[in-house]
Amino acid sequence: EPEVTQTPSHQVTQMGQEVILRCVPISNHLYFYWYRQILGQKVEFLVSFYNNEISEKSEIFDDQFSVERPDGSNFTLKIRSTKLEDSAMYFCASGADYSPLHFGNGTRLTVT
Amino acid sequence: QKEVEQNSGPLSVPEGAIASLNCTYSDRGSQSFFWYRQYSGKSPELIMSIYSNGDKEDGRFTAQLNKASQYVSLLIRDSQPSDSATYLCAGRPRNSGGYQKVTFGTGTKLQVIP
């Protein structure tokens with residue numbers, strides 16, 4: 001069964017550094033998403049991406065965040081200057097028209 | 001205003017019993033609903049999707065949707081210890097676009113006691 005792949009599984013970075021989280025969505029899906037989950041809290045929407053542009057973003061997704069689909073397979077989330085409060089699990093998801101979202105295994109980001 | 005609400009639990013049931021998980025939503029225009037299971041430290045895993053009023057069964061799982069009362073439920077029959085996890089209810093607003101985000105509740109932790 002096709003799956004969403006995320007790398008790395010765990011990323012440790014120092015405050016103020018830039019990180020790039022990578023995702024390979026399911027190949028025939030058109031819609032891509034990033035969610036995050038702070039330890040013990042709910043899964044929160046960050047951004048959705050369709051047709052090579054952001055279709056919706058939450059208030060969490062401020063100027064320090066950006067997304068890109070640099071080629072036909074990868075989908076990335078960049079955090080420009082990480083803060084301690086960015087420590088969380090980041091999940092990539094993809095979907096087809098009106099279908100459920102399929103999630104990757106996540107990247108645990110630890111900012112020290 | 002919370003969009004999807006769940007009782008955080010924990011909900012404890014004995015092995016073999018029926019577990020009943022409930023969820024309410026505030027957006028009357030929501031069209032699609034999903035139940036995900038999340039083990040500790042893992043990603044959400046889709047269990048069921050439901051789009052119309054009534055019941056939908058898949059193996060030991062039954063999802064129920066009542067749009068008039070704005071609630072969604074998940075029944076797990078013959079609960080097993082391996083069902084112990086957090087169950088996330090999620091909704092998608094009115095279908096103005098196939099890319100519409102899915103909004104999650106806080107999740108209900110289920111414990112199945114052997």
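Readers should treat all values here as calculations from the given coordinates under stated rules, not as data from a laboratory. What you see is a predicted model, and the numbers here were worked out from it, not measured in a lab. Cβ coordinates were reconstructed from backbone atoms using ideal geometry, including for glycine residues, and neighbour counts include every protein chain displayed.
With each label point set 7 Å from Cα along the Cα-Cβ vector, what nm distance links B:SER26 and A:ARG69?
3.2 nm
Report ³J(HN,Hα) in whole Hz for each residue of the range A:45-57, in order, from the Karplus equation J = 6.51 cos²θ - 1.76 cosθ + 1.60 where θ = phi - 60°; Gly and Pro get x.
Listing the rounded values in order: 6, 10, 7, 10, 9, 8, 6, 6, 8, 5, 9, 7, 9 Hz.
How far, in nm, would the chain grow between A:ILE60 and A:LYS83 when pulled straight, counting 0.36 nm per residue and subtracting the alpha carbon separation?
Gain in length upon complete extension: 7.0 nm.
Just to be sure I understand the model, the point goes 7 Å from the Cα along the line to the Cβ. What's the resulting B:LEU46 to A:VAL12 distance in nm?
Placing both labels 7 Å beyond Cα along the Cβ direction yields 3.6 nm.
Between the range A:70-100 and the range B:53-114, what's the alpha-carbon centroid distance in Å?
The distance from the Cα centre of the range A:70-100 to that of the range B:53-114 comes to 24 Å.
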